[in-house]
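The values are calculated or read from the model by the stated rules, or taken from the named source; none is laboratory data. Remember, it's a predicted structure, so these values are computed and weren't measured experimentally. Cβ coordinates were reconstructed from backbone atoms using ideal geometry, including for glycine residues, and neighbour counts include every protein chain displayed. In case anyone asks, the SASA skips ligands and DNA or RNA and just uses the protein heavy atoms, side chains included. Shrake-Rupley method; radii C 1.70, N 1.55, O 1.52, S 1.80 Å.
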Amino acid sequence: MGYIVDLQDVSESDLPLVGGKAGKLGELIREGLPIPPGYVVTTEAYQAFVDATPLKTEIPAALAEAKIDDAGSLEAASRRIRSAFEETDFPKEMRTTLTEAYDRFVRQHGVRYSAVRSSATAEDLEGASFAGLQDTYLNVAGVDQILVAIRKCWGSLFTPRVLVYRQRKGFDHSTVKLAVLIQKMVDATVSGILFTRDPNTGENHMIVEAGWGLGEAIVGGEVTPDHYVVDGATLKIVHKQISEQKVRLVRAESGGNRREEIPADERKLQKLPDHRLARLVSLARLIESHYRRPMDVEWCGDANTLYVVQARPVTTIPTSTAPGPARPPEAPAAPGEEKPILRGFGASPGVAVGIARILTGAADMDKLKAGEVLVTTMTTPDMVPAMSQASAIVTDEGGMTCHAAIVSRELGVPCVVGTREATQRITEGEEITVDGKTGMVYRGAVRTAKAAGAPLAAPTATGPVAHLHDLAPVTATKIYVNVGVPEKAEEYARLPVSGVGLLRIEFIFTAHVREHPLALLKKGRKDELVKRLADGIGKVCQAFHPRPVIIRTSDFKTNEYRGMPGGEEFEPGEENPMIGWRGCSRYISPVYRPAFLCELEAIHRVRTEMGLKNAMVMLPFVRNTWELEEIAEMMRAQGLRRSRDFQLYLMAEVPSTVLLAREFSKHCDGFSIGSNDLTQLVLGADRDSETLGRMGYFDERDPAVLRAIQLLIEGAHAEGRTVGICGQGPSVYPEFAEFLVRQGIDSISLNADTVLATIRTIASLEQRMKLQSLRGLA
């Protein structure tokens, strides 16, 4: 696509070119949502700029001298790289291209002011939001300032806070690139953020925050916004908290932003009238329906229209009852004896005790020692290194969607925001207790009434897990969790689940192996490949032991494998890789068989050398029983034989497994429905087709898909085999969950952020079915 691409022409599939922020907004434009017009300066432009200037050698040289645990060396490396970006001019041809693109944009949309926003390739992803870490410049006027802002955005890819955050989230500095999104600036009178699910509890409530003026004041925690809670089922407003706002950020006539005082008679007014709140909620429902997962939405509005300016997955797990990282108090008081000294918003769950350290800004970060409680007016992106060491965070300002709230949830650090007077009421060096669920802060080491039953020590396989099982409703339907990357295993193991219903081994390939397996084998690096796979699988099995972990062997499509380093040599080009060389057909092919044997060897090593007998296997995209016979022989040769303590499961994705469920049952211990592929193949609707998706063809609730699921359950149960499902459908569509439970589904495996809410939904369904049955007998 080159250096420039129109925002309306991009989608999430273009993430390597336009970054996460731009990719999602481009998709939403095509869904008909109100998005300010814009264009993207692509990562190709970024790479070309780096390659054509001294930055090509300057960046790696500076990073080589930076030490992640040395704030001084990080700051020096960052300053060196950012200065190089800001002082290096564009190559002549690139400058011309960028200037002409901006001139066209101004003429086409009548632009006077623009927003220049970073859009990184490792941004707005599940598991990492990079909230506020890369730069944004608002109300930028004129092409010269646009060009300056682009280079500053590129340089913000290497601030100390970003270097620390990328390291913590496991991103390779050398592979992350940055696109820049340029949009027409909305002259916002009101702005805010919306969560389509409560990020703190996972409940089906929309959380909306709104403030006068530009939204940066809310995200930055400079103001405490209005707080609205909307019931996700009825769309009724169930709670309002109107905050007094004394100042707002507005556009300066010369460009940029300025602060202005709000007239006294407007400070306590509701920022978003009910009719506009209803309109915003309807837009958010469309976004959540499109992505089929809880979303975090930034929005703004002028006098006439509400606009969406960012949408990203909720990146935090709502384990509202799970204890956060903390150290145990020396002498806990009895529940209810102590009264809180402060109340605010519970922004990140967990209870922690520590010495209070009051910081006035990033310059004070060195004062904070690991395990202390960070107390400040509001955190800034520069303070991430300190936030990652804190046992808890308490702020004067901010709401549940401010920087402190978002980042603390990702770091797993208990956090209370919006207390208004923490920096005045808390004494430097005193010991305090922070309850990130209730939003309360206590003086001294106190076990709060809300958390009295929860251990404050680090979680173990038999402590908090058992506690959560006691708190969660009991369901006849087993609930499992899906695990993408091993690094999340310990966190997810706290959930009240029966185990892991889906561990995708291909995610371990991308995160830990990072090279095509056949390329590694060609280089004679088989032992390295097996070890990396075993280490990743073992980490998950250890965290969940003795609960079962069902490992789905690799299901890369040819187009995905070609993109891995070394992949082009081994992967053919296919017109339709969705129904091409994937799943079991790979394993029995002479070309890929050696790589599959490495997967089996890694699983065998986990079960034998590591002693983790809870590792089970699931085969994807099964088409025929004869391929299963050949694969079973390969497994037996690797020491993996079906028995009482080793089960083999099949993904039910291809209609042949449904139609011949009883025959396939002879080769496995159970099935797991892959609803996306099954829907695709039953309805003949390409799951990647944006056109068919918009037209409503792709829907797992279609009667034909439901009938296929019914046939599978009937056939499998007739042979004594279990049936589960792994996917978002049951958590997104309550009626789909009800259908599955009524059909007798044995288990449901969910994304972590929907586990608690879905358990409650299923428990309610089962109770209702029981009552209906009793009434029928009466």
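Using every pair of separate Cα atoms, the Kirkwood estimate puts the hydrodynamic radius of the chain at 27.7 angstrom.
Cα centroids of the range 255-294 and the range 504-545: 45 Å apart. If I take R0 = 60 Å and measure r between the Cβ atoms of residue 568 and residue 613 in this structure, what FRET efficiency does the formula 1/(1 + (r/R0)^6) give, to the nearest 0.05? The value I calculate is 0.95. Note that the range 340-353 has calculated 3J(HN,Hα) couplings of x, 8, 9, 10, x, 8, x, 9, 8, x, x, 10, 9, 10 Hz, one per residue in order, obtained from phi through the Karplus relation 6.51 cos²θ - 1.76 cosθ + 1.60 (θ = phi - 60°); glycine and proline are x.
Summing +1 for each Lys or Arg and -1 for each Asp or Glu among the other residues whose beta-carbon sits under 15 angstrom from that of residue 253 gives +2.
If the segment from residue 241 to residue 427 were pulled out straight at 0.36 nm per residue, it would be longer than the present Cα-Cα gap by 64.1 nm. What fraction of the Cα pairs in the range 230-281, stated in percent, has a spacing above 14 angstrom? Tail fraction, whole percent: 65.
Gain in length, residue 579 to residue 270, computed as 0.36 nm per residue apart minus the alpha-carbon separation, to one decimal in nm?
Full extension from residue 579 to residue 270 adds 105.9 nm.
Positive end of the dipole of the chain (Cβ unit charges, origin at the Cα centre): among 11, 606, 275, the Cα lying farthest that way belongs to 606.
A simple count of charges around residue 441, restricted to other residues whose Cβ falls under 10 Å of its Cβ and scoring Lys, Arg +1 and Asp, Glu -1, yields +2. Accessible area ranking (1.4 Å probe, heavy atoms, ligands and nucleic acids excluded), largest first, for 512, 275, 239: 275, 239, 512.
Ordering 62, 36, 90 by the projection of their Cα atoms onto the charge dipole of the range 1-103, which places +1 on the Cβ of Lys and Arg and -1 on the Cβ of Asp and Glu, puts 62 at the extreme positive end.
Expressed in units of 2.2 N^0.38 Å, where N is the residue count, the Cα radius of gyration of the range 524-591 is 1.35. Rounded to the nearest 20, the Cβ-based charge dipole of the chain about its Cα centre (Lys and Arg +1, Asp and Glu -1) stands at 1300 debye. Computed over protein heavy atoms with a 1.4 Å probe, the carbon and sulfur contribution to the accessible area of the chain reaches 50%.
For the chain, the residue among 115, 696, 199 whose Cα projects farthest onto the positive side of the dipole built from Cβ charges is 199.
Per residue, the chain exposes an accessible area of 39 Å² to a 1.4 Å probe, with every protein chain left in place. Once the chain from residue 718 to residue 559 is taken as fully extended at 0.36 nm per residue, the excess over their C-alpha distance is 53.4 nm.
When the Cα atoms of the range 549-628 are aligned to their principal axes, the ranges along those axes come out at 43, 31, 21 Å in descending order.
Spacing of the modelled spin labels on residue 370 and residue 67, each 7 Å from Cα toward Cβ, amounts to 1.4 nm. The range 598-663 and the range 713-778 have Cα centres lying 25 Å from one another. Taking Cβ atoms as reference points and 10 Å as the exclusive limit, the residues near residue 309 contribute a net charge of +1, counting Lys and Arg as +1 and Asp and Glu as -1.
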